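Worksheet for the structure shown next.
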Amino acid sequence: MESARGHGYAAEAVEQLVEIARRAGVTTIRADTELDNIASSVTLQRAGFHQVGADSELLHYETNIVR
């Protein structure tokens with residue numbers, strides 16, 4: 001949705017999901033985004049994910065949750 005862009009909603013959602021996962025005992029989270037989806041890549045990086053790979057369609061990200 002165009003009107004929701006730039007307000008940090010996606011970043012906030014990712015951060016909350018990471019927190020829920022941490023509380024549930026998850027130690028690693030993986031995420032993928034399409035190669036040309038710069039906004040999603042930036043959102044994941046801001047939430048502490050780092051790129052761990054790529055293929056012809058996707059960038060692969062991962063974060064390790066500290067307890």
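Quick notes
- Counting only protein heavy atoms and a 1.4 Å probe, region 16-63 has 67 square angstrom of accessible area per residue.
- Computed E for Asn37/Gln16 - FRET, C-beta separation, R0 25 angstrom, nearest 0.05: 0.75
- When +1 charges are put on Lys and Arg Cβ atoms and -1 charges on Asp and Glu Cβ atoms, the dipole computed for the chain relative to its Cα centre reaches about 440 debye.
- Solvent-accessible area, 1.4 Å probe, carbon plus sulfur percent, for the chain: 51
- Residue order by solvent-accessible surface for Thr63, Thr27 is Thr27, Thr63, largest first, with ligands and nucleic acids left out and a 1.4 Å probe.
- From the largest down, the chain spans 34, 30, 14 angstrom on the principal axes of its Cα atoms.
- Summed side-chain charge close to Phe49 - residues other than Phe49 whose Cβ falls under 9 Å, Lys, Arg +1, Asp, Glu -1: +1
The values are calculated or read from the model by the stated rules, or taken from the named source; none is laboratory data. As the structure is a computational prediction, the values presented were derived from the model and not from experiment. All Cβ positions, glycine included, derive from the backbone under ideal geometry; neighbour counts span all protein chains shown. Accessible surface is based on the protein model in full, side chains and every heavy atom, while ligands, DNA and RNA are left aside. Shrake-Rupley method; radii C 1.70, N 1.55, O 1.52, S 1.80 Å.
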